[in-house]
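Take a look at the structure below.
The values are calculated or read from the model by the stated rules, or taken from the named source; none is laboratory data. What you see is a predicted model, and the numbers here were worked out from it, not measured in a lab. Backbone-built Cβ (ideal geometry, glycine too); neighbour counts: all protein chains shown.
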Amino acid sequence: MNEHEREQAFLAQARRVLDASAAELDPATRTRLKAARAAALAARGPRLSWWLPIGGLATAAGAALLAWTLLLSPVQPAPGLEHLDLLTAADNLEFYSDLEFYTWLAEEADAG
Amino acid sequence: MDRFLASIEARAFRIAHIATGNREDALDLVQDAMMKLASRYAGHDEAEWAPLFHTILQSRIRDWYRRSRVRNRLRAWLGGEDDEADPIAELPDGHNPGPAARLATGRATELLEAALGRLPLRQQQAFLLRVWEGLDVAGTARAMGCSQGSVKTHYSRAVHTLRAQLEDHWP
């Protein structure tokens, strides 16, 4: 057996000895380790719990930003809305088409 | 996660026990490592759990070692004792399994653990992680928080010392 083989044999023996020592732990220590494991798993909690407050804050910040943007931006009337009173008026549309004539007529009457 | 922790807890305890020489401290260190792994790394890939766990455990052992050294120095300063004493050798051995357990465990375990306990902490860590946990040099370096060159040096010295002490005496 050469030097390398002797070293490998020594390491294999060390591994066997350590494995045996772990396998032969006393029951009290095993119980304590089991309890430690249970405590660690219980402390883990739901995986998403970290994200809940972060998600809530992000949503609130987004809503605030949207509200701030809408409040500060000038209101742009939709095209054609300036004629909305014409479209919804009860008067005959012909009245509005002759509005210039009626205006002139009224001015002439006032002058006369 | 439960299966993984169950598969490594006994070895983790032995490693912590060899490092501290104290059963209660070893149990605390293993529980701390389990807690941190479960609370912070459960979402990681399962293949990463073993190296992460050993990184955490070795970090806890080093912290424990530093605290023990400070405590022993303080004790030595207050009591006038030798402050160069090995903190591990100074600690009371809480692991006293009694005659029956000693017979069951065998003299080989006793000899190996005693020899490992006498090694400097870094050599002990390098040997156990490489030989027992099967980590490669890079994984061992990550767990120990040092360079790969340091791991090779510590491991080589540990093997040399242990062989010199045990090879001719193991049953």
Give the number of residues within the stretch B:1-23 that are more than 9 Å from chain A (Cβ to nearest Cβ) and charged (D, E, K, R).
1
Reported set for the stretch B:114-171 where residues are among the acidic types (Asp, Glu) and more than 12 Å from chain A (Cβ to nearest Cβ) is B:Asp136
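Residue-wise test of (1) buried (at least 19 other Cβ atoms within 10 Å of the Cβ); (2) assigned by TED's automatic domain parsing to the domain that holds B:Ala50; (3) within 23 Å of B:Arg66 (Cα to Cα); (4) not charged (D, E, K, R).
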| site | (1), (2), (3), (4) |
| --- | --- |
| B:Leu112 | yes, no, no, yes |
| B:Gln123 | yes, no, yes, yes |
| B:Phe127 | yes, no, yes, yes |
| B:Val131 | yes, no, no, yes |
| B:Thr140 | yes, no, yes, yes |
| B:Ser147 | no, no, yes, yes |
| B:Arg157 | no, no, yes, no |
| B:Ala164 | no, no, no, yes |
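Results for (1) exposed (fewer than 10 other Cβ atoms within 10 Å of the Cβ); (2) within 10 Å of another protein chain (Cβ to nearest Cβ); (3) modelled with pLDDT under 80, shown as yes or no for each residue.
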site	(1), (2), (3)
A:Met1	yes, no, yes
A:Arg6	no, yes, no
A:Arg16	no, yes, no
A:Ser21	no, yes, no
A:Leu33	no, yes, no
A:Ala40	no, yes, no
A:Ala58	no, no, no
A:Glu82	yes, no, yes
